[in-house]
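**Q** I'd like to ask some things about the structure below.
The values are calculated or read from the model by the stated rules, or taken from the named source; none is laboratory data. Not measured: the values here are computed from a predicted model. So basically every Cβ, Gly included, is an ideal-geometry build from the backbone, and we count neighbours across all protein chains shown. What goes into the accessible areas is simple: the full protein's heavy atoms, side chains included, and nothing from ligands, DNA or RNA. Shrake-Rupley method; radii C 1.70, N 1.55, O 1.52, S 1.80 Å.
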Amino acid sequence: MALKTGAEYIESLRRMKTRVYMFGEQIENWVDHPMIRPSINCVAITYDLAQDPQYEDLMTAESHLTGNKINRFTHIHQSTEDLKKKVKMQRLLGQKTASCFQRCVGMDAINAEYSTTYEIDQKYGTDYHGNLKRFLEYIQENDLVVDGAMTDPKGNRGKAPHEQADQDLYLRIKERRADGIVVRGAKCHQTGSVNSHWHIVMPTISMGPDDRDYAVSFACPSDAEGMFMIYGRQSCDTRKLEEGADIDLGNKKFGGQEALVVFDDVFIPNEYIFMCGEYDFAGMLVERFAGYHRQSYGGCKVGVGDVVIGAAALAAEYNGCEKASAVKDKLIEMTHLNETLYSCGIACSSEGHPTASGGYMIDLLLANVCKQNVTRFPYEIVRLAEDIAGGIMVTMPSQKDFRSELPVGRNGETIGDFCNKFFVGNGTCSTEDRMRVMRFLENICLGAAAVGYRTESMHGAGSPQAQRIMIARQGNIQGKKQLAKDIAGIE
């Protein structure tokens, strides 16, 4: 099949029977729901840019399985060039949407699964790698969105999965059958889950022999029987439900989404199983997925950062202070921080290496350094953006006030007249344009988009301590001590 267009992708979602719940009710037409549709638009652009010759090199790849042209989001990295193109593609999409475009998690999942299943098969003689390759051919040829689902609710973090008071707080194998398994549990904070055709489920931590039932990985369609999603809230999300909502949204067309994905006794056929009790490989899968996903943040968050920097520069211009040396210095610092993140993403890609499976892995130390920086720098970038924009970013009246024709002045002036009079900027831009850039900055710094740019930067792909543990593990302090001994003449 040919690569899908964005419109074809959206129509494919309509044919699914995905169960979605929000505000305590089932959402029947979730594809057109005003709170969900912006996130679908973000995924759709990953299809449309793949159709554009200008972006073909970044957005598509040649499948090593079939030789066919495929969307890069379904590709297994075959070189360091592939790894770098992934980061550049993610920056491009961040620039185009200023939001989370949601397909990275699935791309990182299939690449982590590719090398891990190969090594499980080598040790145990299983056919998980064969299962995965057949699944990959299917999603590549049908140009499907796959969501990677790793994070369990966890319950008491001080206890292992099998020690939890409620056994379902980590997703587990409830029943083993000759033709497959039945799973029960949930995955939370799942980015793009509602918008995905399939899910790849992975364990969330390293495990021991007593956690064998929790060491499970598989693929299942998003509308599988017994599977449903409870949509997550975002700051200012009900603005999207307001009649005629536009300017107050900040980013009307694009947005992100997260959901709790519940597996209420879901049957998984054998051909879609990639791990089933091999607890000694759970840690490997988690570590490799985390490494790929931490690399991803050196692309997607940088692209969004490009837009934030541009918006801050516009705000300064509209405020009439773009020539102030302090403003210029803040924009320089924002650019410096953003490009540092990009440098880390490119560096860990350039230092990548082949695994036993043939798929390429990033440099784990540099990927974790990349994500450690991402837990900090976007927060500083939005702090500087708020500094440049000023308090008007969060105290402006609504779009309806600016457009109100209700007379309130002694000479018949309307509410809109007063809003446009007193919120005027430098005189070269319209009041509406000034309002639009301020609302965009509010959206990205504090509103719905802050989920993807701020909090996701902190906790996505593991919170800061997770990277510090990996940096300590990969940092080779003993080797560095020996270097010092050699130069200092210490025997």
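**Q** Please list 3J(HN,Hα) in residue order for the range 386-396, calculated via the Karplus relation 6.51 cos²θ - 1.76 cosθ + 1.60 where θ = phi - 60°; whole Hz, with x for glycine and proline.
**A** Once θ is set to phi - 60°, the couplings for the range 386-396 become 5, 4, 5, 5, x, x, 4, 4, 10, 10, 5 Hz.
**Q** Mind ordering 268-278, 204-214 by average Cβ neighbours within 10 Å, highest first? Walk me through the numbers on the way to the answer.
**A** On the way: 268-278: 20.0, 204-214: 18.3.
Ranking the peptides 268-278, 204-214 by packing returns 268-278, 204-214.
**Q** Before rounding to the nearest 500, sum -39500 (n - 2.57) across all DSSP H runs of length at least 4 in the chain and divide by the residue total; then give [θ] at 222 nm in deg cm²/dmol.
**A** -14500 deg cm²/dmol
**Q** Sorted by packing (mean other beta-carbon atoms within 10 Å per residue), highest first, where do 469-478, 219-228, 53-62, 362-371 land? Numbers along the way, then the final one.
**A** Working: 469-478: 12.7, 219-228: 18.9, 53-62: 15.6, 362-371: 26.0.
Going by the mean number of other Cβ atoms within 10 Å, highest first, we get 362-371, 219-228, 53-62, 469-478.
**Q** State the dimensionless ratio Rg/Rh of the chain (Rg: radius of gyration of Cα atoms; Rh: Kirkwood radius). Could the numbers behind the result be given before it?
**A** Numbers: Rg = 24.1 Å, Rh = 23.9 Å.
Taking Rh as the inverse mean 1/r over Cα pairs, Rg/Rh reads 1.01.
**Q** Give me a comma-separated list of calculated 3J(HN,Hα) values for the range 204-213, in order, Karplus coefficients 6.51, -1.76, 1.60 applied at θ = phi - 60°, integers in Hz, x for any Gly or Pro.
**A** Residue by residue, the range 204-213 yields 9, 9, 5, 9, x, x, 6, 9, 3, 5 Hz.
**Q** Please give the per residue volume of the convex hull enclosing the alpha carbon atoms of the range 265-322, rounded to a whole number of Å³. The partial results should precede the final answer.
**A** Values: hull volume 8.9 nm³, N = 58.
For the range 265-322, the hull spanned by Cα atoms encloses 154 Å³ per residue.
**Q** Using the heavy atoms of the protein chains and a 1.4 angstrom probe, tell me the accessible area per residue for the range 136-278 in square angstrom.
**A** Values: 5420 Å² over 143 residues.
Each residue of the range 136-278 exposes 38 Å² on average to a 1.4 Å probe.
**Q** Label points 7 Å out from Cα along the Cβ direction at Ala488 and Ser463: separation in nm?
**A** Reported label-point gap for Ala488 and Ser463 is 3.6 nm.
**Q** To the nearest 20 Debye, how big is the dipole of the range 129-220 about its Cα centre, given +1 on the beta carbon of each Lys and Arg and -1 on that of each Asp and Glu?
**A** Numbers: 12 positive and 13 negative charges, 38 e Å.
So the magnitude is around 180 debye.
**Q** Run the numbers for Glu28 and Ile477: contour at 0.36 nm per residue of separation, minus the present Cα-Cα distance, in nm. Working shown, then result.
**A** Values: separation 449, 0.36 × 449 = 161.64 nm, distance 5.57 nm.
Answer, rounded to one decimal: 156.1 nm.
**Q** Oh, and also: Output the antiparallel fraction of DSSP beta bridges having both residues in the chain, as a percent to the nearest 5. Write out the running numbers ahead of the final one.
**A** Numbers: 35 of 41 bridges.
Around 85 percent of the beta bridges assigned by DSSP in the chain are antiparallel ones.
**Q** Please check which bits of the range 290-327 a label hung off Thr335 would reach, taking the label as a point 7 Å along Cα-to-C-beta and the cut-off as backbone N under 18 Å.
**A** Residues 302-318, 321-327 qualify, since their backbone N sits under 18 Å from the label point.
**Q** Then there's this: So what are the ³J(HN,Hα) numbers for the range 69-74, from phi and the Karplus equation (6.51, -1.76, 1.60; θ = phi - 60°), rounded to whole Hz, Gly and Pro as x?
**A** 6, 9, 5, 4, 5, 10
**Q** Can you pull the three principal axis extents for the Cα set of the range 303-388, in Å, largest first?
**A** 58, 17, 16
**Q** Further, regarding this structure: How large is the charge dipole for the chain, taken about the Cα centre, if only the Cβ atoms of Lys, Arg (+1) and Asp, Glu (-1) carry charge, to the nearest 20 debye? Walk me through the numbers on the way to the answer.
**A** Values: 55 positive and 65 negative charges, 180 e Å.
With Lys and Arg at +1 and Asp and Glu at -1, about 860 debye.
**Q** Ranking request for peptides 298-306, 313-321, 37-45: highest mean number of other beta-carbon atoms within 10 Å first, then the rest in descending order.
**A** On the way: 298-306: 27.3, 313-321: 20.1, 37-45: 22.6.
Ranking, from highest mean packing down: 298-306, 37-45, 313-321.
**Q** Report, to two decimal places, the Cα Rg of the range 120-177 normalised by 2.2 N^0.38 Å (N = number of residues).
**A** Numbers: Rg = 16.2 Å, N = 58, 2.2 N^0.38 = 10.3 Å.
The reported ratio for this selection is 1.57.
**Q** Next up: Keeping all protein chains in place, calculate the accessible area per residue for the range 317-411 (probe 1.4 angstrom), answer in Å². Don't skip to the end; give the middle numbers.
**A** Numbers: 4580 Å² over 95 residues.
Roughly 48 Å² per residue, with all protein chains present.
**Q** Across 5 Å bins from 0, what is the distribution of all Cα-Cα pair distances for the range 139-295, in whole percents?
**A** P(r) for the range 139-295, in whole percents per bin: 2, 9, 16, 20, 19, 14, 8, 6, 4, 2, 1, 0.
**Q** Binning at 5 angstrom from zero up to the longest distance, how are the C-alpha pair distances of the range 420-477 distributed in percent?
**A** Taking all Cα pairs of the range 420-477, the binned fractions are 4, 16, 14, 11, 11, 10, 8, 7, 6, 5, 4, 2, 0 percent.
**Q** For the range 109-175 and the range 446-491, what is the centre-to-centre distance using only Cα atoms, to the nearest Å?
**A** Using only Cα atoms to place each centre, the spacing works out to 26 Å.
**Q** Quick one: with all protein chains in place, what share of the accessible area of the chain is carbon or sulfur, to the nearest percent (1.4 Å probe)?
**A** Carbon and sulfur atoms account for 50 percent of the accessible area of the chain.
**Q** May I ask you to compute the full-extension gain from Tyr124 to Ser325, defined as 0.36 nm times their residue separation minus their alpha-carbon distance, rounded to one decimal in nm? Show your work: numbers first, answer last.
**A** On the way: separation 201, 0.36 × 201 = 72.36 nm, distance 6.42 nm.
Gain in length upon complete extension: 65.9 nm.
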